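Participant: Have a look at this one before I ask anything.
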Amino acid sequence: MTMMTATEQAFEDYLAAHAEARLESYKELIRIPSISALPEHAADCRRAAEWIAADLEQIGMEHVEVAETGGHPVVYADWLHAEGAPTVLVYCHYDVQPVDPLDLWTSPPFEPVVVGNRILGRGVADDKGQLHLHLRATEALLATRGTLPVNLRFVFEGEEESSSANLDRWLRANRQRLAAHFALISDTGFFEGNIPSITIALRGMMYAQVDVIGTEVDLHSGGYGGAVENPANALARIIAGLKDEDGRILVPGFYDDVVELTPDERRLMSELPFDEEAYLARLGLPELHGEIGYTTLERRGARPTLDVNGIWGGFQGEGSKTIIPAHAHAKISCRLVSDQDPDRVFAAFRDHVLAIAPAGVRVEVRLLGGGHPSLTPIDHPATQAAARALEATFGQAPVYIREGGSIPVCATFEQALDLPVVLLGFDPPDQRAHAPNEWMDLGNYETGIRTVARMWDEVAAIGVDGLRA
Ligand code: BES
Ligand code: MN
Ligand code: MN
């Protein structure tokens, strides 16, 4: 253990003195139910944005703005007084997922509670906890040093959980004032076993709805059964025609743009300390399932998928009701990998669904949302700075992982804004994001604050020229 410098000591003292206030402030942010998908929570999303803006003002960030996008606002702020030092664009999102099924929560989702070393509540991990730790790292740096080692621009989004529908337009329109040397996204997590990680790949997304329509109203299944096609049966046949028994997707052309893993990449993935038995046990399933010919980690991180997210139609009540449903529906999404394009995948998906649709029903296929996959470079100096910061604070060198989830803005930063991206996130791997009883490890949160501060010092040490290398 090396001795702390006076600057580091002051930073630690500040954090120690404000531990209680910090937790209270974290809880305050969680208490705002900023569910972006539900229109009745639009005012709450705005309230969360304003809460964050007020906090940014208070800690000394500048040009704080709750910026209109056409959807839920973006919160922007900067601090640009580290002359000659690199500029980093930091992205997190303040919106959260809906909370249903509510009855499975052990405490109300927007009344955060601390149990042992965990805080429970919607958004504590995804992604308000990570956003909050950036606020607190900046606060402690500015309070103890009166300055920051790098220039920072914060972009905190309010629509990530609803496919970032308005963000790209806002980013392109604000290209000039978003100039930076790289972007840092804190919206990912650690590897199984809570091992510090840097995510180097995210999957993209194509999200569609399939509507199968028969008659105007439900039919008596005695009077008409045998004479007409049943929309629910037809939907089941369509879905069955999307994938084979080996988990391969049957949409023609689906795999055309998929970049195969190299032998080296496969070896790196196979060397990750992945305990498949523990993973299975945690899920409580009889066995794992996926595309034949690939390991679980490959299937989860580097292969595309096709999954039904929801399916409905016909009688859902108790007991029986003898009908041929008038219509049936499914929400179906594909996770995409480089270089798949969501629009091309949608076109192929739609064509295939229409081609295999039974003739006795009308079928409509709609695109609900999408995002591009992304790959971020391990050897970029900013990634390596993050690795050193993680090792210095968590006491363990990070592993490099491919995540199955999607953060569409990652590809926008890379492609539209020409920014290299570092994915530095602190969620524990089993944090129940999007599910009941979402939790955050308070150790990850607290050490995350130190990691961010350390990261900025590392980036300053590299300097602008070093980041170009
Ligand atoms: N933080 C997640 C993305 C994520 C998930 C990163 C798992 C790493 C591991 C993000 O908030 C999210 O949930 N994204 C959505 C995107 C979708 C709405 C386009 C997702 O992945 O479903
Ligand atoms: Mn997230
Ligand atoms: Mn999420």
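Participant: What number comes out for accessible area per residue over region 122-207 if the probe is 1.4 Å? Units Å², please. Please list the in-between numbers first.
Facilitator: Working: 2110 Å² over 86 residues.
Accessible surface, normalised per residue, equals 25 Å².
Participant: If the convex hull of the alpha-carbon atoms of region 1-66 is projected onto planes in all directions, what is the mean projected area in square nanometres?
Facilitator: 6.6
Participant: Per residue of region 21-38, what does 6.51 cos²θ - 1.76 cosθ + 1.60 with θ = phi - 60° give for ³J(HN,Hα)? Whole Hz please, x for Gly and Pro, Karplus curve as stated.
Facilitator: Per-residue couplings from phi come out as 4, 5, 5, 5, 5, 4, 4, 4, 5, 5, 5, 8, x, 7, 7, 6, 6, 9 Hz.
Participant: Here's a follow-up. How many angstrom separate the Cα center of region 164-243 from the Cα center of region 326-346?
Facilitator: That distance is 6 Å.
Participant: Ok, one more. At q = 0.19, 0.25, 0.28, 0.29 Å⁻¹, what log₁₀ I(q)/I(0) does a Debye calculation on the Cα points of region 216-268 give, no solvent, two decimals?
Facilitator: Here the Debye-derived log intensity ratios amount to -0.82, -0.99, -1.08, -1.11.
Participant: So if I restrict to the alpha-carbon atoms in region 147-295, what is the Rg, and what is Dmax, the biggest pairwise distance, in Å?
Facilitator: Just the Cα atoms of region 147-295 yield Rg and Dmax of 23.4, 78 Å.
Participant: Using a probe radius of 1.4 Å on heavy atoms only, what accessible surface per residue do you get for region 300-445? Whole Å² is fine.
Facilitator: Working: 5830 Å² over 146 residues.
Ligands and nucleic acids excluded, the figure is 40 Å² per residue.
Participant: Once neighbouring chains are kept in place and the probe is 1.4 Å, which whole percent of the accessible area of region 28-164 is contributed by carbon and sulfur? Could you put the intermediate results ahead of the total?
Facilitator: Working: 2400 of 4750 Å².
Exposed carbon and sulfur together represent 51 percent of the surface.
Participant: Taking the Cα centre of region 18-97 as origin and charging only Cβ (+1 Lys, Arg; -1 Asp, Glu), how large is the dipole, in debye to the nearest 20?
Facilitator: Working: 5 positive and 14 negative charges, 53 e Å.
Using Cβ point charges on Lys, Arg, Asp and Glu, region 18-97 gives about 260 debye.
Participant: On C-alpha positions alone, give me the angle between the axis of helix 128-145 and the longest principal axis of the chain, in degrees, nearest 10.
Facilitator: Its long axis makes an angle of about 10 degrees.
Participant: Could you give the radius of gyration (one decimal) and Dmax (whole number) of the Cα atoms in region 262-318, in Å?
Facilitator: 16.2, 54
Participant: Something else about it: Share of region 166-259's accessible area from carbon and sulfur, percent, 1.4 Å?
Facilitator: On the way: 2020 of 4090 Å².
In region 166-259, the share of accessible area belonging to carbon and sulfur is 49 percent.
Participant: Let me ask something else about it. Give the long-range amide H neighbours of Asp427: residues separated by 5 or more places, or on another chain, with amide H under 5 Å away, using H modelled in the peptide plane at 1.01 Å from N.
Facilitator: Here Thr188, Gly189, Phe190 satisfy the definition.
Participant: Over region 315-380, how many percent of alpha carbon pairs lie in each 10 Å bin up to the one with the longest distance?
Facilitator: With a bin width of 10 Å, the distribution comes to 15, 33, 25, 16, 7, 3, 0.
Participant: Which percentage, to the nearest 5, of the DSSP beta bridges contained in the chain is antiparallel?
Facilitator: If we restrict to bridges inside the chain, about 70 percent are antiparallel.
Participant: Which value at 222 nm does the chain reach when only helices count, each DSSP H run of 4 or more adding -39,500 (n - 2.57), with the total divided by all residues and rounded to the nearest 500 deg cm²/dmol?
Facilitator: One gets -11000 deg cm²/dmol as the mean residue ellipticity at 222 nm.
Participant: Same structure, new question: So what's the angle, to the nearest 10 degrees on a 0 to 90 scale, between helix 6-17 and the longest Cα principal axis of the chain?
Facilitator: Helix 6-17 sits roughly 60 degrees off the main axis of the chain.
Participant: Counting only residues 5 or more places away or on other chains, whose amide H sits under 5 Å from the amide H of Ala201 once H atoms are built in the peptide plane?
Facilitator: Here Thr376, Glu403 satisfy the definition.
Participant: Please report the orientation-averaged projected area of region 289-347, defined via the convex hull of its C-alpha atoms, in nm².
Facilitator: Answer in nm², one decimal: 6.6.
Participant: May I pose another question? Please determine, in degrees from 0 to 90 and to the nearest 10, the orientation of helix 342-356 with respect to the longest principal axis defined by the Cα atoms of the chain, where the helix direction is its Cα long axis.
Facilitator: Between the helix axis and the principal axis of the chain, the angle is about 10 degrees.
Participant: How big is region 279-437 along each principal axis, measuring the range of its Cα positions in Å and listing the largest first?
Facilitator: Per principal axis, max minus min of the Cα coordinates gives 65, 39, 31 Å.
Participant: While we're looking at this one, here's another question. Just name one of Ala48, Pro86, Val113: the one whose Cα is farthest towards the positive end of the charge dipole of region 1-116 (beta-carbon charges, Lys/Arg +1, Asp/Glu -1).
Facilitator: Val113
Participant: Let me ask you something else. Given N residues in region 121-234, what is Rg(Cα) / (2.2 N^0.38 Å)? Show your work: numbers first, answer last.
Facilitator: On the way: Rg = 24.4 Å, N = 114, 2.2 N^0.38 = 13.3 Å.
That works out to 1.84 for region 121-234.
Participant: Take region 413-469, compute every pairwise Cα distance, and split them into 5 Å bins from 0; I just need the percent in each bin.
Facilitator: That works out to 4, 15, 15, 18, 16, 14, 11, 5, 2, 0, in percent per bin.
Participant: In addition: Only four residue types carry charge here, +1 at the Cβ of Lys and Arg and -1 at the Cβ of Asp and Glu. Report the dipole size of region 53-130 about the Cα centre in Debye, rounded to the nearest 20.
Facilitator: 340
Participant: Moving on to the next point. Translational diffusion coefficient, Stokes-Einstein: compute it for the chain using the Kirkwood radius over C-alpha pairs as Rh, at 4 °C and 1.567 mPa s, and state it as an integer in µm² s⁻¹.
Facilitator: 54
Participant: Any idea what the alpha-carbon Rg over 2.2 N^0.38 Å comes to for region 114-157?
Facilitator: 1.43
The values are calculated or read from the model by the stated rules, or taken from the named source; none is laboratory data. The structure presented is a predicted model; accordingly, all values stated were derived computationally and were not measured. Cβ atoms come from the backbone with ideal geometry, glycine included; neighbour counts cover every protein chain shown. Ligands, DNA and RNA are stripped out before the accessible areas are found, and what is left, the full protein with its side chains, is counted by its heavy atoms. Shrake-Rupley method; radii C 1.70, N 1.55, O 1.52, S 1.80 Å.
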